[in-house]
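Novice: Could you have a look at this structure, given as structure tokens, before my questions?
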Amino acid sequence: MSVWLCTFVKPNNWLQMSGLDLPIPFPTRLHSALIPYKYQLQHPKKLQTKPTSSNSSFTSQTKIMASLIFFSFWIASFVAATSAGNFYQDFDITWGDGRGKILNNGDLLTLSLDKASGSGFQSKNEFLFGKIDMQLKLVPGNSAGTATAYYLSSKGSTWDEIDFEFLGNLSGDPYILHTNVFSQGKGNREEQFYLWFDPTADFHTYSILWNPQRIIFSVDDTPIREFKNMESMGVAYPKNQAMRIYSSLWNADDWATRGGLVKTDWSQAPFTASYRNFNANACVWSNGASSCTSTKNSSNAWLLQELDSANQEKLKWVQKNYMIYNYCGDTKRFPGGLPKECNSGF
């Protein structure tokens, strides 16, 4: 996981990283340093320099050069180690009685479902805005009746939520990708899509960009849906409640496949979904404060991100060719009139 924080250099020449002091092994100052959030490592041993005589200047210079080289390699290895998430560090398996597993030294997480139970996990951190990426490989074969949910959610009766749900199907029939946005406990904003690939054959990246202006759902960096902040029209927008990341694999055969007509075939159990390469470039919310202090920092550019013309064309392509349901077109469902955001031309 690589959640980036702006840090400062303390007067005693130590870096501060989320409450963890990192000693700098030689006199230096690092201005506007970027240190990945919550990455654990041992403190490098401080280098000691003994007084030397005038005829040992070459030895002293050699020691200084060695310190410089050591520090360079230390920083390089530190940054490289944050390029991929670690499920041990970033998530807790919260239910499933052993059906959720973290494997490969934290690089892979699997959830399983059988007739007795499904399973699920949640992030250790809460976030208030962010760019969240996760690679998933969905349940293969006859997955009818199963649902794999991957979403952000707050708590309480007026919760906010941003949903990906993958609805299983009979062998050979496509998955349905179901999306929804809840604000202050109100949802009913479903959009559904087929995918342009087999999501069970390999891992694919599913992303949520959530900033104060918009929410963008993307698949393999292709935007499929945009939900804009339309508070000026009286439409609630999720912006005040921190949310955790959740995922679960569960039996939803009362509605998931053809409205519940197709039931789960338990002879195919256990059903398994796999996760890897989690990344959150996000504002961590802790003790009533955000880790993001400025939108001007280049690592926080996503806070102002919007769809450029190329991505707007990609969005139109997906919605023209792969969208199978849009609540804004369901006049039978809303006989009293479509929701306000549906009339905004967004």
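Novice: For the range 161-233 and the range 98-150, write down the distance between their C-alpha centroids in whole Å.
Specialist: The two parts, judged by their Cα centres, are 16 Å apart.
Novice: Hey, what do the phi angles of the range 131-144 turn into as Karplus ³J(HN,Hα) couplings, whole Hz, using 6.51/-1.76/1.60 and θ = phi - 60°, x for Gly and Pro?
Specialist: 10, 10, 10, 8, 9, 10, 10, 7, 4, x, x, 7, 9, 3
Novice: Whole angstrom only: what separates the Cα centroid of the range 251-301 from the Cα centroid of the range 324-346?
Specialist: 26 Å
Novice: For the range 259-329, run through the trypsin sites (Lys or Arg not before Pro) and keep only the ones in DSSP coil with at most 14 other Cβ atoms within 10 Å of their Cβ.
Specialist: Answer in residue order: LYS263, LYS296.
Novice: Tell me which chymotrypsin sites (Phe, Trp or Tyr not before Pro) from the range 216-323 have a DSSP coil assignment and no more than 15 other beta carbons within 10 Å of their own.
Specialist: Values: sites: PHE217, PHE227, TYR246, TRP250, TRP255, TRP266, PHE271, TYR275, PHE278, TRP285, TRP302, TRP317, TYR322; in loops: TRP255, TYR322.
Those satisfying the criteria are TRP255.
Novice: In whole Hz and in residue order, list the ³J(HN,Hα) couplings for the range 263-280 that follow from phi through the Karplus curve 6.51 cos²θ - 1.76 cosθ + 1.60, θ = phi - 60°; x for Gly and Pro.
Specialist: 9, 5, 8, 5, 5, 8, 6, x, 8, 9, 10, 10, 9, 7, 6, 5, 8, 10
Novice: When Rg is the radius of gyration of the Cα atoms in the range 138-224 and Rh is its Kirkwood radius, what does Rg/Rh come to?
Specialist: On the way: Rg = 13.8 Å, Rh = 13.9 Å.
Looking at the range 138-224, the ratio lands at 0.99.
Novice: Excluding same-chain residues fewer than 8 positions from LYS320, which aspartates and glutamates have a Cα within less than 16 Å of its Cα?
Specialist: GLU191, GLU226
Every number here is computed from the coordinates shown, using simple stated rules; none is lab data. Note that the structure is predicted; figures quoted are calculated from it, not measured. Quick reminder, even Gly has a Cβ in these numbers, built from the backbone with ideal geometry, and neighbours come from all protein chains shown.
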